[in-house]
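See below for the structure under consideration.
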Amino acid sequence: MAQVLCQLPKTYDENLIVGLDTSDDAAVYKINDDLAIIQTLDFFTPVVDDPYTFGQIAAANSLSDVYAMGGEPKLAMNIVCFPNCLSPDVLTEILKGGHDKVKESGAVLVGGHTVEDDEPKYGLSVTGFVHPNKVLTNGDAKPNDLLVLTKPIGTGIINTAIKGGLAAQNHYDEAVKVMTTLNKFAIEAGNKVGINGCTDITGFGLLGHGLELAEASSVTLKINHKDIPLIEGALEYAQMGLVPAGAYSNEVYIGDKVKISSDIPREIVDVLYDPQTSGGLLMSVPEDKVDKLLEELKNTPTSFGVIGKVLDKEDKYLIIE
């Protein structure tokens, strides 16, 4: 999709703060000196069987883009594709899950649009607010910043195990907890402390979105794989070969910009490229603010950690040790 978008004519507007140029998580448009709106849209096919849980996950994933820009969601609209062979009760549960997650975010759900399709798909278009001077982007990471990841990774692999009927209940429960947790709590901590760059970790995986942060900021990210929080079971399922095709697509697409130590096991590499659903935030944080941020993040319901450091630009954008 990025390859397609980059071929479109550039749109210039003096009030457009963030557009297509940096592969950021959402667009930001300045309304006045005190207010800018954030606009985003996302939807996808079910990753779990329970429709209510799917609705929650899809909504949390859509809302995440607003948080990644440092903003607060205000309005949301449903985007629904649904087959007529399924009971309307299934759709009702999906929409209830989405509604409840939007309500938790503090935003207002104001309608949406539905089309008939062969496979269910659900998500949101979300509008958020942010002060024009407090917009977070993936282009502001600074050398010597530390990298903080606010959720564990491995949801793509766990979801593959779920679809294969091989996921243990505790691994399923942890993955659902991660995917349904709003990044609201993490960005509130980040905004309180003061961070530089930010992006959320979704379909391009930790390394794909890390690369976007590095490229947009013209820096190199050095990541210690041992410090990355993982969902329990992710490495075990990766060893079994339960790795989604998207992980290999991510590796093919960005692998030449990444330097991975030769002694890192293959299953860990798979997790690093694993496409995430409703993943956490990757924050670039001034070193003197990291301890305060970690203290604030103790209130979040998922695991988190300092996973690396921002360096001056080197030959590769990402170095994994």
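The values are calculated or read from the model by the stated rules, or taken from the named source; none is laboratory data. Here the structure is a predicted model, which is why all the values come from computation and not from measurement. Methodologically, a virtual Cβ is constructed for each residue, glycine included, from the backbone with ideal geometry; neighbour enumeration extends over all protein chains shown.
Scanning segment 168-179 turns up at least one residue that is within 12 Å of the chain's Cα centre (by Cα) and either part of a loop (DSSP other than H, G, I, E, B) or surrounded by 23 or more Cβ atoms within 10 Å (Cβ to Cβ) (or both).
Selection of segment 97-132 for residues being of a type in the set (D, E, K, R) and out of contact with any helix residue (DSSP H, G or I) (no Cβ under 6 Å at 6 or more places or on another chain) yields D100, K103, E104, E116, D117, D118, E119, K121.
When G154, G190, G194 are checked against the criterion of being surrounded by 24 or more Cβ atoms within 10 Å (Cβ to Cβ), out of contact with any Leu (no Cβ under 6 Å at 6 or more places or on another chain) and not assigned by TED's automatic domain parsing to the domain that holds D49, a single residue qualifies: G190. Pick from segment 198-219 the residues that are more than 22 Å from A58 (Cβ to Cβ) and touching a helix residue (DSSP H, G or I) at 6+ places or on another chain (Cβ under 6 Å): which of them is surrounded by the fewest Cβ atoms within 10 Å (Cβ to Cβ)? Once the filter is applied, the top-ranked residue is L211. Among the listed residues E251, E295, E287, which satisfies the condition of being surrounded by fewer than 18 Cβ atoms within 10 Å (Cβ to Cβ), closer than 29 Å to D21 by Cβ and in the same structural domain as Q169 (by TED's automatic domain parsing)? The match here is E287. Determine, yes or no, whether D227 is surrounded by fewer than 24 Cβ atoms within 10 Å (Cβ to Cβ) and either closer than 29 Å to V48 by Cβ or of a type in the set (V, I, T) (or both). Taking the combined requirement at face value, the residue satisfies it. Checking T160, T220 one by one, the residue that is in a helix (DSSP H, G or I) and over 17 Å from the mean Cα position of the chain (by Cα) is T160 and no other. Filtering segment 118-156 to residues that are over 15 Å from the mean Cα position of the chain (by Cα), of a type outside the set (A, V, I, L, M) and not in a loop (DSSP other than H, G, I, E, B) leaves K121, Y122, S125, T127, G128, F129, P132, N133, K134. Within segment 62-102, being over 15 Å from L124 (Cα atoms) and among the aliphatic types (A, V, I, L, M) holds for A68, M69, L86, V90. Residues that are in contact with an Asp or Glu (Cβ under 7 Å, 6 or more places away or on another chain) and not charged (D, E, K, R) occur in segment 110-123; there is at least one.
Those strands (runs of 3 or more DSSP E) of segment 16-72 in which at least 3 residues are touching a Leu at 6+ places or on another chain (Cβ under 9 Å), considering only elements entirely within it, cover 27-32, 35-44. Looking across segment 233-278, the residues that are in contact (Cβ under 8 Å) with a residue 60 or more places away in the chain and in a loop (DSSP other than H, G, I, E, B) come down to G233, M240, L242, V243, P244, S261, D274, P275, Q276, T277, S278. Within the option set L63, L136, L109, L146, being free of Cβ contacts under 8 Å to residues at least 40 places away in the same chain and either in the same structural domain as G208 (by TED's automatic domain parsing) or surrounded by 18 or more Cβ atoms within 10 Å (Cβ to Cβ) (or both) holds for one residue only, L109.
The residues of segment 86-112 that are in a helix (DSSP H, G or I), more than 11 Å from Q56 (Cβ to Cβ) and of a type in the set (V, I, T), listed by number, are V90, T92. Taking the criterion of being part of a loop (DSSP other than H, G, I, E, B) and either touching a His at 6+ places or on another chain (Cβ under 9 Å) or among the aromatic types (F, W, Y) (or both), the residues of segment 284-321 that qualify are F304, Y317, E321.
The single residue among I79, I57, I31, I38 that is over 15 Å from the mean Cα position of the chain (by Cα) and surrounded by 24 or more Cβ atoms within 10 Å (Cβ to Cβ) turns out to be I38. Screening the candidates L207, L211, L182 for the property of being assigned to a loop (DSSP other than H, G, I, E, B) and either at pLDDT below 95 or at negative phi (or both) yields one hit, L182.
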